[in-house]
Amino acid sequence: MVGRVGPAHLELSELHRFPNRPVRLPGGLHWDVLSLYQGVLDGLGEAARAGAIATIGIDSWAVDYGLLDAAGELLGNPFHYRDTRTAGVVDRLGAALPAEELYRITGLQHLPFNTVFQLAAANGSASLAAAKTLLLIPDLLIHWLTGSIGAEATNASTTALFDARAGTWSSTVVERLGIDRGLLPPIRHAGDTAGTLRSEVAARTGLPPSTPVTVVASHDTASAVAAVPATGPGFAYISCGTWSLAGLELDGPVITEASRAANFTNERGIDGTFRFLRNIMGMWLLSECLRTWAADGLPADPAPLLAQAARSRPFAALIDPDDPGFLAPGDMPARIADYCARTGQGVPADQSAMVRCILESLALAHRSTLRRAAELADRDIRTVHLVGGGSRNDLLCRLTADATGLPVVAGPAEATALGNVLVQARAHGLVGDHSALRALVADTQPLRRYRPGGDERAWAAAAARIGLD
């Protein structure tokens, strides 16, 4: 994506798109990070041909990492967070680092694929024994572009190796985990300059070697939240893509036994803010259904399925989106049908009923999560901003407004890319403070507004059915 930014101008252009296909090897599920890096280089080449580039920024998903040896060589393709190797690790690590203590330090939601559990699963492996540096995915790509080593704070804060209050790696967690503290690189922050392009990269892409790589909020959700077009206080956000990240932006962490029990996370945002949120399974449920239907020769065009789902019977079947059975890739329609059968509900009668089930269930999870976040943080919510790819889904936005009983502002769909670009622009003096950054998004990007409707009692009864009341 190329962004063009001015005092009253903010425009994104997509120049190059490439697939991200995980690969299952005998040893587990991996990311093809070499293919991803090739895609980055190809995209930068397209950008160079399109005109002058002032700066480059990289964000990605969280928790996954590459290991480098003493010579800086990658020790194998990074594992995919949906790999099953962390099964059982949580209990083993709990003996050395109880969940309550881990949360008091990191403030992080318990997810079985958090980096701390991935490292615990890797203990004793040849790759970890040979490793001298751990780099999260955006930091690994930046290293290949510039040669620099660092860990950006918003992404580091997702690892459960990071002290939420101190803003540094936690010596306690690292020691209990039994890894070398030297494995973790220095923390850097959004707006820092990581370096300029290596000569080989400049030659390959056609960009000048002096082109800077700016550190952005490298966790994609942190970039998305930075671009939420809120123009005042009292807002909640849902960054909706593969995952729905629903919560509040706060000035400090909420680390209490109640927040731990509710499985809320405290991750860093830009400018010292905290993202107090929960991960919800998100549009992964629908995309996996579409993938399975396409493989089976069934209709898999989302537009007609969504139109039919809007006319389907409400609350015919519901799921808890965060049921562990939905985490791994595979036949999602069969797993949803099994869940409905196990919980004494009718199985969705057809594809459109399955889509309705997924979207109503996500709306109920949004409702439950935002209400609990407001209670735990002692905040009032007046507006919900739904950003990311899910904001294009008219039915999901409408159902979320009805479920929460709050107005929903949908968009921008490319919030992550906008947040990335705007942090770069601010570092180069083109944008003012965070409120000015958000005002620019609100003034320049197409947004849709949904007012709540529907029957609150029906939504409350539906929430109670799946334990989300």
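May I ask you to list the residues in region 166-192 that are of a type in the set (Val, Ile, Thr), within 24 Å of Val254 (Cα to Cα) and surrounded by 19 or more Cβ atoms within 10 Å (Cβ to Cβ)?
Across region 166-192, the qualifying residue is only Val173.
Within region 329-353, can you find the residues that are in a loop (DSSP other than H, G, I, E, B) and touching a Pro at 6+ places or on another chain (Cβ under 9 Å)?
Pro329, Pro348
Residues that are of a type outside the set (Gly, Ala, Ser): find the helices (runs of 4 or more DSSP H) completely inside region 105-203 holding 2 or more of those.
On the way: elements: 115-122, 126-130, 137-146, 153-156, 171-177.
Because the criterion is at least 2 residues that are of a type outside the set (Gly, Ala, Ser), the helices (runs of 4 or more DSSP H) in region 105-203 that meet it are 115-122, 137-146, 153-156, 171-177.
Does Gly76 satisfy the condition of being modelled with pLDDT under 95 and more than 26 Å from Thr172 (Cβ to Cβ)?
When the stated conditions are applied, Gly76 passes them.
Do we have any residue at all in region 30-50 that's surrounded by 14 or more Cβ atoms within 10 Å (Cβ to Cβ) and under 28 Å from Phe276 (Cβ atoms)?
Within region 30-50, not a single residue is surrounded by 14 or more Cβ atoms within 10 Å (Cβ to Cβ) and under 28 Å from Phe276 (Cβ atoms).
Residue check, Ser35 against (1) among the hydroxyl-bearing types (Ser, Thr, Tyr); (2) part of a helix (DSSP H, G or I); (3) touching a helix residue (DSSP H, G or I) at 6+ places or on another chain (Cβ under 8 Å), all met but one. Which one?
(3)
Determine whether Ala365 is at pLDDT 95 or above, of a type in the set (Gly, Ala, Ser), crowded, with 20+ Cβ neighbours inside 10 Å and under 21 Å from Thr221 (Cβ atoms).
Here the answer is yes, as Ala365 does meet what is asked.
So the check is Cβ under 7 Å with 6+ separation or different chains; which pairs have a first residue in region 228-254 that's farther than 10 Å from Leu386 by Cα and a second one that's part of a strand (DSSP E or B) and of a type in the set (D, E, K, R)?
Short answer, once both residue conditions are applied: Gly247/Arg275; Gly247/Arg278; Glu249/Arg275.
Return yes or no: is Gly453 in a loop (DSSP other than H, G, I, E, B) and without any contact (Cβ under 8 Å) to a residue 12 or more places away in the chain?
Criteria not met by Gly453.
Output the qualifying pairs, or none if there are none: Cβ atoms under 7 angstrom, residues six or more apart or on different chains, first residue in region 39-58 and more than 20 Å from Val215 (Cα to Cα), second residue outside any loop (DSSP other than H, G, I, E, B) and not polar (S, T, N, Q).
Ala50/Val2
Are any residues in region 59-93 surrounded by fewer than 18 Cβ atoms within 10 Å (Cβ to Cβ), in a helix (DSSP H, G or I) and in contact (Cβ under 8 Å) with a residue 60 or more places away in the chain, and if so, which ones?
Once the filter is applied, which keeps residues that are surrounded by fewer than 18 Cβ atoms within 10 Å (Cβ to Cβ), in a helix (DSSP H, G or I) and in contact (Cβ under 8 Å) with a residue 60 or more places away in the chain, region 59-93 yields only Thr84.
Step by step: first the residues of region 443-469, then only those that are within 23 Å of the chain's Cα centre (by Cα) and crowded, with 19+ Cβ neighbours inside 10 Å, then the one that is farthest from Pro314 (Cα to Cα). Which residue is that?
Gln445
Taking the options Ala203, Ala258, Ala246, name whichever one is among the small types (Gly, Ala, Ser) and within 19 Å of the chain's Cα centre (by Cα).
It is Ala246.
Here is a check on your reading of the model: is Arg204 touching a Ser or Thr at 6+ places or on another chain (Cβ under 6 Å) and more than 21 Å from Asp320 (Cα to Cα)?
no
Name the helices (runs of 4 or more DSSP H) wholly within region 218-314 that hold at least 2 residues that are out of contact with any Ser or Thr (no Cβ under 8 Å at 6 or more places or on another chain)?
The helices (runs of 4 or more DSSP H) meeting that bar are 257-261, 284-295, 302-310.
The values are calculated or read from the model by the stated rules, or taken from the named source; none is laboratory data. Being a predicted model, the structure only gives us computed values, none of them experimental. Methodologically, a virtual Cβ is constructed for each residue, glycine included, from the backbone with ideal geometry; neighbour enumeration extends over all protein chains shown.
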